[in-house]
Every structure is written in C-alpha cells, then in structure tokens.
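The values are calculated or read from the model by the stated rules, or taken from the named source; none is laboratory data. Everything numeric in this text was worked out from a predicted model, so none of it was measured. Backbone-built Cβ (ideal geometry, glycine too); neighbour counts: all protein chains shown. Quick note on the areas: whole protein, heavy atoms, side chains included, nothing else; ligands and nucleic acids left out. Shrake-Rupley method; radii C 1.70, N 1.55, O 1.52, S 1.80 Å.
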Amino acid sequence: MKKSKKGVHKYIAFFDANENGGYTVTVPSLPGLVTEGKDLEHSRSMAKDAIKCYIEGLKIANEPVPVEQETAQLRISELV
C-alpha cells in the first residue's frame with residue numbers, strides 16, 4: 001500500500017478475463033477482496049468501491065490497514 005499526503009491508499013490490482021466476458025479483480029494486499037465487472041472500466045470502478053469498503057470495514061473494526069508489499073509478475077515458460 002502506498003499512502004499519499006491526503007490519505008489516499010494505492011494498491012496493485014489484478015484484472016483477469018473471466019468466462020463471462022468481463023474481468024475478475026483481486027488485490028493481493030487485501031486478502032479476500034474479489035470483485036468483477038463487465039469490462040475494464042466497470043471492473044476498475046468496482047475495484048475502487050470494494051477497496052474503499054474493505055478499508056472502511058477495517059477501520060470500524062479497529063484493524064490495521066494492510067501495507068502493500070513489493071510484488072513482481074513474471075512469465076515463466078518451459079519447453080516440454
């Protein structure tokens with residue numbers, strides 16, 4: 001998680017094409033957060049809302065807001 005001066009939290013989200021023609025969104029730093037949308041724009045909007053609700057829930061429960069760890073996404077291929 002990165003937090004700007006105004007308290008805006010920034011997270012890396014993964015958008016995976018799903019069988020319905022839309023996208024399933026996960027945020028590795030926020031365990032259990034999964035949402036989806038009908039296209040990338042809708043999925044991004046849904047993800048923003050889900051992140052906001054997730055963080056609000058943590059604050060209500062007096063739980064710490066997770067700190068995003070450095071991530072890497074690598075494509076590994078192996079000849080078979």
Show me the ranking of peptides 64-77, 46-59 by mean Cβ neighbours inside 10 Å, starting with the highest.
46-59, 64-77
Quick check: at a probe of 1.4 Å, how many percent of the accessible area of the chain sits on carbon and sulfur atoms?
53 percent
Please report, in debye to the nearest 20, how large the charge dipole of the chain is about its Cα centre when each Lys and Arg carries +1 at its beta carbon and each Asp and Glu carries -1 there.
560 debye
Dimensions (Å) - the range 1-68, Cα atoms, principal axes, largest first:
37, 23, 16
Roughly what would the spin-label model give for K10 and E68, points 7 Å off Cα along C-beta, in nm?
0.7 nm
With θ set to phi - 60° and the Karplus curve 6.51 cos²θ - 1.76 cosθ + 1.60, what are the ³J(HN,Hα) couplings of the range 29-36 in order, to the nearest whole Hz, using x for Gly and Pro?
6, 10, x, x, 7, 9, 8, 8
Considering amide H positions built from the backbone, and no H for Pro or chain starts, which residues 5 or more places from N18, or on another chain, come under 5 Å of its amide H?
Y23, T24
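How far, in nm, would the chain grow between A17 and E78 when pulled straight, counting 0.36 nm per residue and subtracting the alpha carbon separation?
Roughly 19.6 nm would be gained on extension.
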With θ set to phi - 60° and the Karplus curve 6.51 cos²θ - 1.76 cosθ + 1.60, what are the ³J(HN,Hα) couplings of the range 64-73 in order, to the nearest whole Hz, using x for Gly and Pro?
x, 7, x, 9, 5, 8, 4, 10, 9, 10
Any idea what the relative contact order of the chain is, in percent, if you count C-alpha pairs under 8 Å spaced at least 6 apart?
22 percent
What order do Y23, Y11 take when sorted by accessible area (1.4 Å probe), most exposed first?
Y23, Y11
Lysine pairs, Cα distance under 23 Å, 8 or more residues apart or cross-chain: how many in the chain?
20
